[in-house]
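**Q** Before anything else, here's the structure in question.
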Amino acid sequence: MKYTNVPVGDIKSDQPFRGSPEALDKLAQSIRNNRLRESLLVNPADMRVISGHRRHAALRSLRILHVPVAFPEDVLEACEAVEHHLAENVSTYTLPMSVREKITLGRRLCDLPRLACSGRFRYDDRVGRAIGVPGAIMQRIRAAARLAAEDHPEPDAAALNARRILGLMLNAAEKPAEGWTSGQSIRALHGYLKAGDCPPSLGEACLPRLQPPPSAARRNADTEGTGSAGMVPRARNEVRRGVDTISGACAGLASLVVTHMPPEEADYLQREIRESQKILRNVMKSLQEFSYVSHA
């Protein structure tokens, strides 16, 4: 970590002050009387504040010319600084972060350089632990953010779709669909992202699991003589697209040369494949209940 003083005008903050004008005045008065207890954590690449937006606003209101900042060398160093700040800072002027604000902080941390020798180190898990958000949630939200191309002034259809899903993901992080956890809701939305689709609402994204399937006997009665035509067109298309995605992924994995794969890469793939097997077993069970699979 590199500590130095920089002109306050060189530091950028894309987050407005959280709190009332009176709270800003109190924080500024506290800094004036007791000095700044912790340096601002700043990304040296673009001089944007990672942690310390409220302190930055208070310093600007005091018209201080130079302020102390800390430049982390990599994401792990920044995570340690954030953990220390969140654990030690119990000041009267500190406000608890919402889930959305934690995720925003996590995305800033992930923008920092990574160690060259880190291999398949799970940075999302490390960042998630620092901010108190599961690493899987961070990973899926960052995937949506990458496709969303938020800084691009003229996004294409895929970017617009990713932006809508990213908004739903952030809503799900704060208030998931009824009967679901935030992780389950975001995982369902991530499935839409990979399929290039977007549900009209968070509730509809989670609808298939919110509504329990009917019994096989009732399903047979409802769709007798109709086959797959008994499904609504949207559901039938989504099932087919999902099966095509699974088939393509399996074909891609089968074509990989894994004999010289690093151990950490192999461990990661095994973990993901086992998780996918659980999902596919549940899908197969549902298909059997609906009598889509014959028991020959």
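The numbers here are math on the coordinates, done by the rules we state, and not lab data. In this text, all values refer to a predicted model and were calculated from it rather than measured experimentally. We place every Cβ from the backbone using ideal geometry, glycine too, and count neighbours over all the protein chains shown.
**Q** For the stretch 1-98, what is the relative contact order in percent, using Cα pairs closer than 8 Å and at least 6 residues apart in sequence?
**A** Working: 113 pairs, mean separation 39.2, N = 98.
40 percent.
**Q** What is the packing order of peptides 160-166, 27-33, taking the mean over residues of other C-beta atoms within 10 Å and listing the highest first?
**A** Values: 160-166: 20.0, 27-33: 16.0.
The most tightly packed comes first, giving 160-166, 27-33.
**Q** Then there's this: Which net charge results when you count Lys and Arg as +1 and Asp and Glu as -1 among the other residues whose beta-carbon is under 15 Å from that of residue 20? If you can, show how the numbers build up before the last one.
**A** On the way: positive: 18, 26, 54; negative: 22, 25.
Local charge sum for residue 20: +1.
**Q** Quick check: residue separation of residue 25 and residue 111 times 0.36 nm, minus the Cα distance between them. What number comes out in nm? Could the numbers behind the result be given before it?
**A** Working: separation 86, 0.36 × 86 = 30.96 nm, distance 3.16 nm.
Taking residue 25 through residue 111 to full extension adds about 27.8 nm, to one decimal.
**Q** By how many nm would the segment from residue 272 to residue 3 grow when fully extended, if each residue of separation counts as 0.36 nm and the alpha-carbon distance is taken off? Before the final figure, lay out the partial values.
**A** Numbers: separation 269, 0.36 × 269 = 96.84 nm, distance 4.03 nm.
That works out to 92.8 nm of additional length.
**Q** Additional query: With each label point set 7 Å from Cα along the Cα-Cβ vector, what nm distance links residue 36 and residue 18?
**A** 1.9
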